[in-house]
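Read through the structure below, which is laid out as structure tokens, and then see the notes.
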Amino acid sequence: MKARWLIKIHHIHAILVGLLLLSGLSLFIQPVRTFFNEWKIPLVAIHTWIALFYIIIVLLSLKKAIKYTFKKPTLKKFNVHFILGLFLAWSLSGAIMYFQAHFPVPVRNTAVTIHDTVTWIAIPWLLIHSIGHTLKLEIPWPLWWKRHAKKPEWVQENRLQRRDFIKSLSLITIMIFIGGWLKWLTPMLHASNETNRRRGYFRIYNVTNDYPRYENNDWSLTIDGLVEEKKVLTIQQMRQLKWNTIIDDFHCVTGWSVKGVELTGVYIRDLFEAHDIKPKDKYITAYSGDGVYFDTFTLSQLVDEEAMLVFELDGAPLKKAQGYPCRLYHPTMYGYKSVKWIERLTITDERDYGYWQQNGDYDLDGYL
Ligand SMILES: Nc1nc2c(c(=O)[nH]1)N[C@H]1C(S)=C(S)[C@@H](COP(=O)(O)O)O[C@H]1N2
Ligand SMILES: [Mo]
């Protein structure tokens with residue numbers, strides 16, 4: 001017989017985990033994230049608040065749950081312990097993702113990896129668990145696993161005590177973290193003789209559902225606003241300028257980074273010099289051709305701080321989803337300042353807020 005409090009807790013638990021999965025997967029799947037973003041629904045905040053509430057619920061029921069599993073069949077014990085293990089890894093990595101500004105890059109990236117991995121481990125288990133519950137299906141586990149039957153000798157010998165359980169749980173958590181670190185280190189060990197040691201991967205982030213697809217030469221960059229003379233520069237004109245290659249780390253404020261990315265393009269400084277562009281004021285807005293995304297800078301940030309119009313990434317033209325043919329890049333600012341499919345630079349006399357300053361609370365300057 002099941003205690004009533006347990007059924008209740010079980011249900012609350014299920015609902016909260018369900019909500020977390022729903023909001024979490026929506027954040028993970030780019031088009032869905034974009035959809036919510038367009039409706040200005042703060043998914044990250046919603047996800048975090050549910051998580052916080054969930055953590056409180058778990059902490060409140062922890063003592064009872066452990067006491068309960070203590071005398072229960074192995075399957076029940078396993079289920080509670082399994083969920084606790086996931087819970088620990090989820091909340092720890094989630095907390096690091098939330099407070100990522102205070103952690104070094106490899107720790108942040110590990111946290112993102114763990115958060116994802118744990119979710120992918122949890123989903124099949126949760127499906128089996130919940131389908132089994134609603135349909136009252138009995139999986140043919142061995143008797144000793146389901147009930148209070150006598151355990152086979154080989155299991156008895158290894159019987160886990162609560163202390164052992166806590167020990168192994170912490171061990172698993174530590175191992176996951178070490179695993180994450182190793183994963184991060186491995187490519188570095190293998191590629192030690194190359195200059196480009198790219199690690200991690202870009203999570204394509206677009207606030208719009210679709211993005212502009214430029215074919216061949218139908219792209220140009222307009223420089224207008226408070227300039228002596230408006231300019232429209234074609235891709236051919238860009239090719240005639242000096243192209244530089246830098247290797248740099250790309251950081252998104254949400255916690256992921258790609259280290260050692262090779263970026264090739266034209267420094268804004270060189271562009272302004274070569275085409276004799278004379279701004280009459282000191283702010284600049286960079287607009288994307290997607291018609292939605294833009295961000296703002298001081299003129300000096302783009303001209304004096306080695307900001308670049310990037311055309312190639314790791315030696316190949318930008319992928320369409322990553323801004324083909326051109327995106328802005330500032331070496332000491334977060335990824336959100338890197339406007340993809342950049343089409344226009346407008347000089348202004350006042351500094352506007354960019355897309356993420358209006359729609360989120362991202363910092364205006366966005367320095368790393
Ligand atoms: N036009 C446009 N540019 C954009 C974005 C966007 O949504 N639209 N997202 C920004 C953010 S928040 C980041 S982290 C990077 C992501 O670059 P990637 O999609 O190449 O990974 O692009 C930036 N530039
Ligand atoms: Mo970002």
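Show Lys77, Lys278, Lys337, Lys319 ordered by accessible area, largest first, where the area counts protein heavy atoms only and the probe is 1.4 Å.
Result of the area sort, largest leading: Lys319, Lys278, Lys77, Lys337.
Rounded to whole Hz and in sequence order, give me ³J(HN,Hα) for segment 40-57 from the Karplus expression 6.51 cos²θ - 1.76 cosθ + 1.60, θ = phi - 60°, writing x for Gly and Pro.
My calculation for segment 40-57 gives 6, 9, x, 4, 4, 5, 4, 4, 5, 5, 4, 4, 4, 4, 4, 4, 4, 4 Hz in order.
Out of the total accessible area of segment 230-316 (probe 1.4 Å, heavy atoms of protein only), what percent is carbon and sulfur?
That share works out to 47 percent.
Heads up, I need the accessible area for Glu229: 1.4 angstrom probe, whole protein in place, Å², nearest 10.
120
So how do Met333, Met97 rank on accessible area, 1.4 Å probe, biggest first, that is with the largest at the start?
Details: Met333 5, Met97 55 Å².
Order by accessible area, largest first: Met97, Met333.
Please identify the chymotrypsin sites (Phe, Trp or Tyr not before Pro) of segment 14-68 that satisfy two criteria: DSSP loop assignment and at most 14 other Cβ atoms within 10 Å. Which are they?
Trp39
Using θ = phi - 60° and the Karplus curve 6.51 cos²θ - 1.76 cosθ + 1.60, what whole-Hz ³J(HN,Hα) does each residue of segment 319-326 get, with Gly and Pro shown as x?
With the stated coefficients, segment 319-326 comes to 5, 3, 6, 9, x, 3, x, 8 Hz.
Give the accessible area for Arg213 in Å² (nearest 10); use a 1.4 Å probe, count only protein heavy atoms, and leave out ligands, DNA and RNA.
The accessible area of Arg213 comes to roughly 120 Å².
Can you list the residues, at least 5 places off or on another chain, whose amide H is less than 5 Å from the amide H of Val261, using H built in the peptide plane?
For Val261, the qualifying residues are Asp248, Asp249, Phe250.
Per residue of segment 13-18, in order, report the coupling 6.51 cos²θ - 1.76 cosθ + 1.60 (Karplus, θ = phi - 60°) as ³J(HN,Hα) in whole Hz, putting x for Gly and Pro.
So the Karplus estimates, Gly and Pro as x, are 3, 4, 4, 5, 4, x Hz.
Given C-alpha coordinates of segment 220-359, what is the ratio Rg to Rh with the Kirkwood estimate of Rh?
Using Cα coordinates only, the ratio equals 0.93.
Based on the alpha carbons, how large is the Rg to Rh ratio for segment 16-71 when Rh follows Kirkwood? Don't skip to the answer; put the middle values down first.
On the way: Rg = 15.2 Å, Rh = 12.7 Å.
Reported Rg/Rh, Kirkwood definition of Rh: 1.20.
Give me, ordered by chain and number, the residues 5 or more places off Arg344 or on other chains with an amide H under 5 Å from its own placed amide H.
Long-range HN contacts for Arg344: Thr222, Tyr287.
The values are calculated or read from the model by the stated rules, or taken from the named source; none is laboratory data. Here the structure is a predicted model, which means the values were calculated and not measured. FYI the Cβ positions are ideal-geometry reconstructions off the backbone, even for glycines, and counts take in every protein chain you see. Just so you know, the surface numbers come from the protein's heavy atoms only, side chains and all, with ligands and any DNA or RNA stripped out. Shrake-Rupley method; radii C 1.70, N 1.55, O 1.52, S 1.80 Å.
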